[in-house]
Amino acid sequence: MKKWMKGLGVGLLALGLAACGSAAEPKTDPETGEKVEVSNKSKMTAQEVYSKAMEVSEEQKSMHAVMDINQKMSMPSQGLDMDSKIKMDMDMIIDPLSMYQVMSMDMGPEIGAMDMELYMNDSGFYMNDPESGQWIKMPKDMYDEMMSQRGGETDPTLDMKMFKEFKDDFKFEQTDDEYILTLNASGEKFSGLMKELMGGSAFPADMEMTEEEADLLNNMDLKSLDITIYIDKETFYTNAFDMNMDMTMKIDDEEMHIVQEMKSVITKINEIDEIVIPQEVIDSAVDLEELMGQE
């Protein structure tokens, strides 16, 4: 997901290159339909904003992120109808990969709710078992695998030619503090774009998709995709993004309908220098292999 969202965000910025050779319009107030007052009006074009955003992305070493996800999944043929709410709150250092994350999930009355907590750095990967409260030390190869998956994220470039036909669908706006990039997509042509973005950014060039993963992409039908990205006018860092998606997927001749709303806020960029695993977590943790051997 992280790789795909990064690729998608860069793709939308690239779309601005084709769409906007002029300055951003003041943002339209969704309630009144009127343009907001912008006293700090910028004359930068989308191309210039894109170039600056790409430049500072190379300097981004750490961040704090909060994500709220509401998702509805239904598969009528199986009687599946599930609503879920997920909130993730995390500190993250990009290299070497280090993280502290708290996640709460509410999967509805049938499955219930649970909270998860984890620490990760190059000295260890620890996860709290939500049922027992026991800290578990995960195998080192799980951390190594996550580090290796990061390789595809160091080069966020995409083929901008793929966005050429969507230039009339892209909106470039501004407020006093932010540039706002918005795409409201629907229809078959955007399903093709979605497949290309997901396939290209979720799987690095040196990693082949399995037959099942390829079938999953080919059997995806995008009903609508609304994405808004907020870029700070001073730093050109991405402050936040919103994504609303409505899609269907065919899995073994069964059709699943997914509606997802995601909001992400990003702060403390380059302000987090270290993520320390508490000594009490290290001392009380049980190795996963040892735990599995006891069962």
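Out of curiosity, is Lys27 modelled with pLDDT of 80 or more and closer than 27 Å to Gln260 by Cβ? In short, yes. Looking at the stretch 242-249, is at least one residue under 18 Å from Asp81 (Cβ atoms), at pLDDT 80 or above, in contact with a strand residue (DSSP E or B) (Cβ under 8 Å, 6 or more places away or on another chain) and open to solvent by 50 Å² or more (accessible area, probe 1.4 Å)? No; the residues of the stretch 242-249 include none that is under 18 Å from Asp81 (Cβ atoms), at pLDDT 80 or above, in contact with a strand residue (DSSP E or B) (Cβ under 8 Å, 6 or more places away or on another chain) and open to solvent by 50 Å² or more (accessible area, probe 1.4 Å). Condition check: under 24 Å from Asp246 (Cβ atoms), of a type outside the set (Ser, Thr, Tyr) and part of a strand (DSSP E or B). Does Asp91 satisfy that? So Asp91 does not fit the description; no. Do the conditions hold for Ser132, that is, is it of a type in the set (Ser, Thr, Tyr) and open to solvent by 70 Å² or more (accessible area, probe 1.4 Å)? Yes.
Scanning the stretch 21-40 for residues that are among the aliphatic types (A, V, I, L, M) and either surrounded by 15 or more Cβ atoms within 10 Å (Cβ to Cβ) or at positive phi (or both) turns up Ala23, Ala24, Val38.
Within the stretch 236-260, residues that are of a type in the set (Asp, Glu) reach partners that are open to solvent by 70 Å² or more (accessible area, probe 1.4 Å) with beta carbons closer than 6 Å, at six or more positions or on different chains, in the pairs Asp242/Lys263; Asp246/Lys223; Glu254/Ser77. Might you let me know whether the stretch 107-118 holds any residue that is assigned to a strand (DSSP E or B), closer than 22 Å to Asp242 by Cβ and open to solvent by less than 30 Å² (accessible area, probe 1.4 Å)? No, the stretch 107-118 contains no residue that is assigned to a strand (DSSP E or B), closer than 22 Å to Asp242 by Cβ and open to solvent by less than 30 Å² (accessible area, probe 1.4 Å).
Looking across the stretch 201-237 at every residue that is of a type in the set (A, V, I, L, M) and over 28 Å from Ile266 (Cβ atoms), the one that is modelled with the lowest pLDDT is identified as Met209. The residues of the stretch 250-270 that are among the aliphatic types (A, V, I, L, M) and touching a strand residue (DSSP E or B) at 6+ places or on another chain (Cβ under 7 Å), listed by number, are Met256, Ile258, Val259, Met262, Val265, Ile266, Ile269.
Residues in the stretch 69-105 that are within 23 Å of Met249 (Cβ to Cβ), touching a strand residue (DSSP E or B) at 6+ places or on another chain (Cβ under 9 Å) and open to solvent by 50 Å² or more (accessible area, probe 1.4 Å): Asn70, Lys72, Pro76, Ser77, Gln78, Leu80, Asp81, Asp83, Lys85.
Yes or no, residue by residue, for (1) free of Cβ contacts under 8 Å to residues at least 12 places away in the same chain; (2) in contact with a helix residue (DSSP H, G or I) (Cβ under 6 Å, 6 or more places away or on another chain); (3) more than 28 Å from Lys140 (Cα to Cα); (4) among the aliphatic types (A, V, I, L, M):
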position: Ser57; (1), (2), (3), (4): no, no, yes, no
position: Met88; (1), (2), (3), (4): no, no, no, yes
position: Ile94; (1), (2), (3), (4): no, no, no, yes
position: Tyr100; (1), (2), (3), (4): no, no, no, no
position: Asp106; (1), (2), (3), (4): no, no, yes, no
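Scanning the stretch 119-129 for residues that are part of a loop (DSSP other than H, G, I, E, B) and touching a residue at least 12 places away in the same chain (Cβ under 8 Å), which turns out most open to solvent (accessible area, probe 1.4 Å)? The extreme case among them is Asp122.
With the requirement that a residue be of a type in the set (A, V, I, L, M, F, W, C), touching a helix residue (DSSP H, G or I) at 6+ places or on another chain (Cβ under 8 Å) and modelled with pLDDT under 65, what does the stretch 108-160 give you?
Leu158, Met160
The values are calculated or read from the model by the stated rules, or taken from the named source; none is laboratory data. Every value quoted in this text rests on a predicted model; they were computed, and no experiment measured them. We place every Cβ from the backbone using ideal geometry, glycine too, and count neighbours over all the protein chains shown. These area figures cover heavy atoms from the full protein model, side chains too; ligands, DNA and RNA do not enter into them. Shrake-Rupley method; radii C 1.70, N 1.55, O 1.52, S 1.80 Å.
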